[in-house]
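The values are calculated or read from the model by the stated rules, or taken from the named source; none is laboratory data. Quick caveat: nothing in here was measured; it's all calculated off a predicted structure. Glycine gets a Cβ as well: all are built from the backbone with ideal geometry, and neighbour counts include every protein chain shown. For accessibility, only protein heavy atoms count, side chains too; no ligands or nucleic acids. Shrake-Rupley method; radii C 1.70, N 1.55, O 1.52, S 1.80 Å.
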Amino acid sequence: MLVSDTTLSRNYRSVPLLDFLASAPTSSVPNSVYSFLKGPPPGTVDGRAALAPYSLRKLEAALLQKYTRDEVVVAQEDHIEQFVDEDTEIIGVTTMDPLGLGPLTMSYAVFFETAAPAYVQKEFETLLARVNRVRAGKKAKLLVGGPGVWELTVRPEELDKNGIDFAFQGEADDIVVDLFRYLTEEGSENTEFFKGYQTFDDSFHKTWSDNDRFITRYQFSKQFPRLEDIPEITAPSVKGMVEVMRGCGIGCDFCEVTLRPLRYYPPEKVRREIAVNVGAGMGNAWLHSDEFFAYQHGRNFVPNEEALVELMQAVMTTKGIGHTNPTHGRISIPAAYPDLMSKLSASIRSGPENWIGIQVGVETGSDRLAHMHMPNKTLPLKVGPDGTWAEIVWRGTTVLNQYYWRPAFTVQVGQADETPDDNWETVALINRMSNSYLADGRPFEFTITPMQNVPLGLLKSRNFSSLRLNESQLAVYYASYKHLAKIATRNAMNTSHEANPLTKYVTGAVIGIGAWSMFQVVRGICKRRGLDVERAGTYGLHETKLEAPVAQ
Ligand code: SF4
């Protein structure tokens, strides 16, 4: 039986970015507000999840190559009792942020200076407690996997605390059948697996640690599935998500994704997976990648216009699809290639009634940190000859907004070698963008969320309770939440795509009031900690305007 961490299975009232809510501390967001905004659990078909996270659907598809549908169940979280009996061998749980150590969750914890668990952790523990009650006295083993397993490597004692038998780390599409056999058949041969986990040293070099409770691919064997070994989903995924590529290759020094090999899905493969979701009534396709504009890219990460347009056309000509958006992309591409954005926008029919959301890691407003940590993220533009990083971001936002794309930016606080000046440059960028307008008079449309970069060493030593935001870091939070309150108040009533008008209205009201209230709380905390909030809210506004031309 497979089941997801419940924070991954909800649709958060169809409000883009509301998924972030689960990272909030339980002490800061009332349970009633969280419970309403996360939305109801997915529907069921005889207790099975009608929609499940994409990662579970991949594992399900891989297992179905060997087992029957009766033997492989993706359960809806409230129905797991129905599927666990004396014959159940493995209960697999996928998770993204089980202990609340992810950068967004840490950003809330550090800002509020609270040790209260985040909703992500609370929900994970609640689910595992239920799983353990159900499997008590039975042979079923509890296996946890997914991108959040790195957190368990930092705190291995959590395996015992939560009754987890094993944690698997890495991509498993091509080896999950062998993994399940290895875990369930006494004395089965093991040439594929290493009992332990991968981690990184202070220089971000991969190292290996022995541990009988962790399993990962054997160090000297193939580390990732090839494209042809990745099965296609056979049942619908939450939010209509499908993958278009894996890996990135841009090489930002804080990012693990870049270490994975690039694998591009051909458009036909993408279409087949979308068709599965359309079959469940979904007219939306979320195209997952970590850097959409790198799809089949050329030298120096020059975007491949032909491949990108062909992909989008393939998506939009899939019968039943009316809307699509990529999950992540770099801002330097719209900055440098407005014509490409025009063509992509025409393909996907973006417009005032069809905004396209995309998450963009801006990371910083500082040229110095951009050079230091992510020199390739700006390519094919270069910080310096093609303007400052802030100018590139500003220009890219102009182009995105012009074609009705709404970027959801993230910035980092706590990067290695960061100085107060770097943070104030980020504050200036946020304030200037928040007060910018397109040529036709529309205000810039974007959200911005600060992420806390907590070094792995500090997480391992658990000394992060000593983390205190300095003045410039607080200013980044303040400017970000000031802008979020502004845009949430402006757009609250149009944010949700809920079909029910009453639910849509209530959701809009909760978001509008919630964002305003959140900002008042942030403002109060910043003032109490000595931040000059007037300065932080206007810093950079009186400097030269950000409109330097960017080379194409
Ligand atoms: S562009 Fe994004 S996904 Fe790629 S290496 Fe940089 S941070 Fe990671």
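Numbers for the structure displayed
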read-out: Folded to 0 to 90 degrees: helix 267-278 orientation relative to the chain principal axis, Cα; value: 80 degrees
read-out: Degrees between helix 471-495 axis and first principal axis of the chain (Cα, 0 to 90, nearest 10); value: 80 degrees
read-out: Selection of GluC sites (Glu not before Pro), segment 132-199, meeting DSSP coil and at most 10 other Cβ within 10 Å; value: GLU185, GLU186, GLU189
read-out: DSSP-assigned coil residues among trypsin sites (Lys or Arg not before Pro) in segment 281-364, each with at most 15 further Cβ atoms within 10 Å; value: LYS319, ARG349
read-out: Net dipole in debye of segment 242-471 [+1 Lys, Arg Cβ; -1 Asp, Glu Cβ; about Cα centre; nearest 20]; value: 640 debye
read-out: For LEU484, solvent-accessible area (1.4 Å; no DNA, RNA or ligand), Å²; value: 40 Å²
read-out: Residues with amide H under 5 Å from that of MET451, placed H, sequence gap 5 or more; value: VAL411, GLN412, VAL413
read-out: Lysines with Cα under 28 Å of LYS139, excluding same-chain neighbours fewer than 8 positions away; value: LYS58, LYS66, LYS122, LYS161, LYS195
read-out: Zero-based 20 Å bins, Cα pair distances in the chain, whole percents; value: 21, 58, 21, 0
read-out: Mean Cα-pair separation over length for segment 242-471, i.e. relative contact order, pairs under 8 Å, 6 or more apart, %; value: 17 percent
read-out: Length-normalised contact order for the chain - Cα pairs under 8 Å, 6+ apart - percent; value: 12 percent
read-out: Where the chain is the region considered: accessible area per residue in Å², 1.4 Å probe; value: 41 Å²
read-out: Whole-angstrom gap from segment 231-256 to segment 89-115, using each part's C-alpha centre; value: 20 Å
read-out: Listed residues GLN169, GLY43, GLY137: farthest to the positive end of the dipole of segment 2-227 (Cβ charges); value: GLY43
read-out: Cβ-based charge dipole, the chain, positive-most Cα from LEU152, PHE220, VAL33; value: VAL33
read-out: Antiparallel %, DSSP beta bridges [both residues in segment 139-248], to 5; value: 60 percent
read-out: Pairwise Cα inverse-distance average, inverted: Kirkwood Rh of segment 2-227 (Å); value: 18.4 Å
read-out: Cα extents of segment 242-471 along the three principal axes, largest first (Å); value: 53, 45, 34
read-out: Neighbour-limited loop hits for trypsin sites (Lys or Arg not before Pro), segment 375-478 (at most 11 other Cβ within 10 Å; DSSP other than H, G, I, E, B); value: ARG462, ARG468
read-out: Paramagnetic label zone (point 7 Å from Cα along Cα-to-C-beta, ALA439; backbone N under 19 Å) in segment 400-417; value: 400-405
read-out: Electrostatic dipole magnitude of the chain [Cβ: Lys, Arg +1; Asp, Glu -1; Cα centre; debye, to 20]; value: 1340 debye
read-out: Accessible area of the chain belonging to carbon and sulfur atoms, whole % at 1.4 Å probe; value: 53 percent
read-out: Cysteines (scope the chain) whose Cβ has no counterpart Cys Cβ under 4.7 Å; value: CYS248, CYS526
read-out: Whichever lysines have a C-alpha closer than 25 Å to that of LYS482, once near sequence neighbours (fewer than 8 apart) are set aside; value: LYS38, LYS504, LYS527, LYS545
read-out: GLU185 paired with ALA129, simple spin-label distance in nm, labels 7 Å along Cα-to-beta-carbon; value: 3.8 nm
read-out: Helix 119-135 vs. the chain, principal-axis angle (Cα, 0 to 90°, nearest 10); value: 10 degrees
read-out: Rounded to 5, percent antiparallel among DSSP beta bridges of segment 2-227; value: 45 percent
read-out: Zone residues, segment 1-33, relative to ASN500, backbone N less than 15 Å from point 7 Å out along Cα-to-Cβ; value: 11-15
